[in-house]
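S.K.: Dropping a structure here in C-alpha cells format, bear with me for questions.
The values are calculated or read from the model by the stated rules, or taken from the named source; none is laboratory data. Since the model is a prediction, treat every value here as computed from it, not as a measurement. So basically every Cβ, Gly included, is an ideal-geometry build from the backbone, and we count neighbours across all protein chains shown. Side chains are part of the model used for accessible areas, which takes the heavy atoms of the whole protein and leaves out ligands, DNA and RNA. Shrake-Rupley method; radii C 1.70, N 1.55, O 1.52, S 1.80 Å.
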Amino acid sequence: MKIAVMVSGGGTNLQAIIDGINTRSITNTEIVLVYSNNPGAYALERANKAGIKSVCKSPKDYPDRAAFNEALLETLREASPDLIVLAGCLVVIPEIVVREFAGRIINIHPSLIPSFCGTGFYGLKVHEKVLERGAKVSGATVHFVDEGTDTGPIILQKPVMVRSDDTPETLQRRIMEQAEWKILPMAIDLIANNKVSIRNGRVCIDDYDNSVLEQL
Ligand code: GRF
C-alpha cells in the first residue's frame with residue numbers, strides 16, 4: 001500500500017509510522033510522499049533523513065484558496081497513494097481532495113471523538129478544553145475523513161487518564177506517547193492488510209477482539 005503522509009509540525013506521528021515500517025509492525029506499506037504546508041516543519045527533516053520524497057506547498061504561495069486546493073490535489077494525484085494519512089496536518093482538506101480520495105483518507109485526532117473535536121479543536125486547544133472541563137479521561141482517535149470535521153467513521157481509539165497536575169503540554173505529550181504513536185501505525189497496518197471495512201457507516205475490523213485489543 002502506497003501512503004502519502006500530510007503534516008504541519010514536529011512530525012512525531014510521521015516518525016512513528018517510519019519506525020513502524022522499519023521494524024515491521026507496519027507491513028505491506030511504503031511512504032511515497034510527505035506533504036507539509038509549513039516550510040519550517042521538523043517533519044520535513046524527518047522525511048529527508050529517512051530518504052522519503054517531500055513536498056512543501058503553503059496556501060500563502062497561491063493567489064487564492066481555490067488555486068492552492070488545485071495544487072494540493074495535483075501533488076497528491078502525482079503521488080497516487082492508496083491511502084492519505086493526516087498526521088498532525090493543520091490544513092483543512094478541501095472537498096475536491098476528500099471526493100477524489102473518498103474512503104482513503106485517515107486522520108489522528110488527540111481526543112476521544114465525539115468529545116473535544118470539531119471546528120476549533122486542534123493542537124493544544126483540545127487539551128486546554130479537556131482540562132477546563134475537568135474531564136478525567138481523554139485519549140486519541142484514528143478515523144476516516146469525510147466532508148465534516150472529525151465526523152468520519154472511527155477506526156481505533158485509546159483512552160489516556162488525565163492527571164490532576166496535568167498542563168495542556170503534559171497531557172498532549174502523554175496522549176501522543178500512550179495513544180497516538182500506537183493507534184496510528186496500527187490503523188495503517190490493519191488497512192494495508194485489508195482488515196478494515198466500513199458497514200453502515202461504521203468501521204469493522206477483522207479479528208478486532210483478539211489481535212487488536214491485546215496490542216492496545
Ligand atoms: C498531534 O497531537 C496530532 O494528534 C495533532 O497534532 C499533533 C501532531 O504532532 N493533530 P506531530 O507533528 O505528529 O508531532
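S.K.: For region 125-140, give me each residue that is open to solvent by 10 Å² or more (accessible area, probe 1.4 Å) and either touching a Lys or Arg at 6+ places or on another chain (Cβ under 8 Å) or assigned to a strand (DSSP E or B) (or both).
M.R.: Scanning region 125-140 gives a single hit, 137.
S.K.: Okay, moving on. Can you tell me how many residues within region 96-117 are open to solvent by less than 50 Å² (accessible area, probe 1.4 Å), within 15 Å of the ligand (Cβ to nearest atom) and over 23 Å from residue 58 (Cα atoms)?
M.R.: Final tally of qualifying residues: 6.
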